[in-house]
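Asker: Here it is: the structure, laid out below.
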């Protein structure tokens, strides 16, 4: 039982790392620590804070199933809003499709986290 649990924890940390990493990067840009990045409005900084904190909570396992479900919805909205590959052609379409599919892939991982948290390594009844 130790190995499946450890594998799950590592997977949960890896799935959430994108939210922590990007959220922190965007917040550092907002604080003018990363000077080569665009600075966002206070409302966007609030969203980036939510993104980083949600990722950290998933990593730590606190309400990971519920937060993963919220982040899956957040990422679905982001996929359709930020990466409309259907509006492009050629190389730009490929780049947007790649980003869209990365979001879809992460949504799958987040849904697995949510499901596993609801069925966490229970032994089947004989």
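No lab work stands behind these numbers, since they all come straight from the coordinates. Only a predicted model underlies this, so the values are computations on that prediction, with no experimental measurement involved. Reconstructed Cβ throughout: ideal geometry from the backbone, glycine too, with neighbour counts over all protein chains shown.
Asker: Can you give me the Rg/Rh ratio for the chain, using Cα atoms for both radii and the Kirkwood formula for Rh?
Answerer: Expressed as Rg/Rh, it is 1.05.
Asker: Right, another one. GNM, the chain, Cα, under 10 Å: largest mean-square fluctuation among 71, 59, 92?
Answerer: Comparing 71, 59, 92 in a Gaussian network model of the chain, the most mobile one is 92.
Asker: Quick one: go through the stretch 51-69 and flag any residue whose amide nitrogen is under 18 Å from the point 7 Å out along the Cα-to-Cβ line of residue 17.
Answerer: Only 52-61 fall inside the zone, counting backbone N under 18 Å.
Asker: Roughly what angle does helix 2-30 make with the longest principal axis of the chain, taking Cα atoms, 0 to 90 degrees, to the nearest 10?
Answerer: 20 degrees
Asker: Hey, another quick one. Going by C-beta contacts inside 10 Å, put 104, 10 in order with the fewest on the left.
Answerer: Ordered by Cβ neighbours within 10 Å, fewest first: 10, 104.
Asker: How far, in degrees from 0 to 90, does helix 90-118 lean away from the longest principal axis of the Cα atoms of the chain, to the nearest 10?
Answerer: The angle comes out at about 30 degrees.
Asker: To the nearest 0.05, what FRET efficiency results for residue 47 and residue 94 with a Förster distance of 22 Å applied to their C-beta separation?
Answerer: 0.20
Asker: When the chain is treated as a GNM, springs tying every alpha-carbon pair under 10 Å, which of 89, 55, 30 comes out with the largest mean-square fluctuation?
Answerer: Highest fluctuation of the listed residues: 89.
Asker: Counting other beta carbons within 10 Å of each residue's own, what order do 101, 112 fall into, fewest first?
Answerer: If I rank by nearby Cβ atoms, fewest first, I get 101, 112.
Asker: Compute the separation of the alpha-carbon centres of the stretch 41-92 and the stretch 94-115 and state it in Å as a whole number.
Answerer: Taking the Cα centre of each part, the stretch 41-92 and the stretch 94-115 sit 10 Å apart.
Asker: Mean-square fluctuation check for the chain, GNM, Cα pairs under 10 Å: which of 105, 114, 41 is largest?
Answerer: Largest GNM mean-square fluctuation: 41.
Asker: Here's a follow-up. Given the -39500 (n - 2.57) contribution per DSSP H run of 4+ residues, what per-residue ellipticity at 222 nm results for the chain, rounded to the nearest 500 deg cm²/dmol?
Answerer: Roughly -27000 deg cm²/dmol at 222 nm, from the helical runs in the chain.
Asker: Between residue 101 and residue 31, what is the FRET efficiency for a Förster distance of 41 Å, r being their Cβ-Cβ separation, to the nearest 0.05?
Answerer: For R0 = 41 Å, the calculated efficiency reads 0.80.
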